[in-house]
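Reading through the structure tokens given below for one structure.
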Ligand SMILES: Cc1cc2nc3c(=O)[nH]c(=O)nc-3n(C[C@H](O)[C@H](O)[C@H](O)COP(=O)(O)O)c2cc1C
């Protein structure tokens, strides 16, 4: 064989092995289970209060790639007093399954009772919020405040575990502040009390949402865990998701804010993890999603609630669109849902000349309410 043929053969073999290694690496991201609930693919839509309601979760599930969705946090006080506003947050559609419903509070008995209520509502998984940094929640002793009261946390875990049969998980931050990072201690306490999964956001309560999430804490939790671990914080691209799996060894990756402006993100992560590539999102895809989703919001919610929600979601979805700031300004000044949708439609028509389905969606979304 001439030297150049040998070199070619070696090069081909090297490329083949590199490709196989790369695919093996992606293929190793397999489904995992929380109790008997399979999370497949191992990608989770994080709870984001005010955004990830049932309509948004349904839209994300429809795009594909999402193995689990988690409800926005619901107050145990509101649940146990059967307040309509709180109960509304727990509504979900069958197409969202498997779904985890998240509760927060600080009283073990009330936490147990609300866990029982959400289990009866059909939650596949019940999740306890131990990460919320908001003053109102922390002042009442709930959310991330519980990370600095482990004796109370043990009582809560035991009470909730004893009250339900559904798989039980917790979502934590890495600790209260940087001097008291105790995620591994909380993991051990959780395991000791029969909790079956843990999601870790790599920021402390005092970090709020500043700086970068510290994935090394997530890796430490995974190293020490007997239960499945979901890593969370600052996953904004398929490459980030792959890196989080690789650098921390987690069983699943949970994604929040990135999905609000790019609803395809979880689908892109799933594709990238299984094949090494992900389809990019076009302006037309985004415009159609905005028309369809915001039109659906308009039809499913009462006018003032719908308008507020449309402004919030529209603001996030318009990120990355050319002239997005101008669009947000227009949308925010809309006084009615009709005004909102026609501003949106005008703007998108200028941007995307041929938008299949836009006219049909527009006609549908502009129909008077029945
Ligand atoms: C506006 C907002 C609302 C949130 N609401 C919740 C919530 O209800 N429950 C919860 O556990 N985490 C909540 N989070 C935290 C997210 O689930 C997630 O942990 C955090 O945003 C970091 O992940 P990300 O970088 O992928 O967004 C919220 C975050 C934001 C920004």
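Where a number appears in this text, it was derived from the coordinates with a stated rule and is not lab data. Because the structure is a prediction, the values reported are computed rather than measured. Don't worry about glycine lacking a Cβ; one is built from the backbone with ideal geometry, like all the others, and counts go over all protein chains shown.
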Residues in the range 275-293 reached by a label modelled at residue 95 [backbone nitrogen below 16 Å; 7 Å Cα→Cβ]: 289-293
How long are the semi-axes of the ellipsoid equivalent to the chain, from square roots of 5 times the Cα gyration tensor eigenvalues, in whole Å, largest first? 34, 33, 17
Which whole number in µm²/s is D for the range 138-284 by Stokes-Einstein, with the Kirkwood Rh taken over Cα pairs at 25 °C and 0.890 mPa s? 151 µm²/s
Please report the antiparallel percentage of the DSSP beta bridges confined to the chain, to the nearest 5. 10 percent
Find the centroid of the Cα atoms in the range 124-154 and in the range 306-334, then give the distance between the two in whole Å. 32 Å
7 Å from Cα along Cα→Cβ at both residue 209 and residue 312: what's the point-to-point distance in nm? 1.2 nm
Order the peptides 274-280, 235-241 from the highest to the lowest mean number of other Cβ atoms within 10 Å of their residues. 235-241, 274-280
Here FRET efficiency (C-beta to C-beta, residue 85 to residue 135, R₀ 35 Å, nearest 0.05) is 0.95
Once both labels are modelled 7 Å past Cα along the beta-carbon direction, what's the residue 338-residue 188 spacing in nm? 6.4 nm
Taking a crude spin-label model, label points 7 Å out from Cα along the C-beta direction, the residue 150 to residue 239 distance in nm is 3.9 nm
Tell me the relative contact order for the chain as a rounded percent, counting alpha carbon contacts under 8 Å between residues six or more apart. 14 percent
Taking the beta-carbon count within 10 Å as an exposure proxy, list 171, 311, 136 from fewest neighbours to most. 136, 311, 171
Share of pairwise Cα separations in the range 203-301, more than 20 Å, in percent: 49 percent
What full-extension length gain, to one decimal in nm, is calculated for residue 325 and residue 121 as 0.36 nm per residue of separation minus the Cα-Cα distance? 69.4 nm
Take peptides 46-55, 140-149 and line them up by average Cβ neighbours within 10 Å, highest first, as a rough protection proxy. 140-149, 46-55
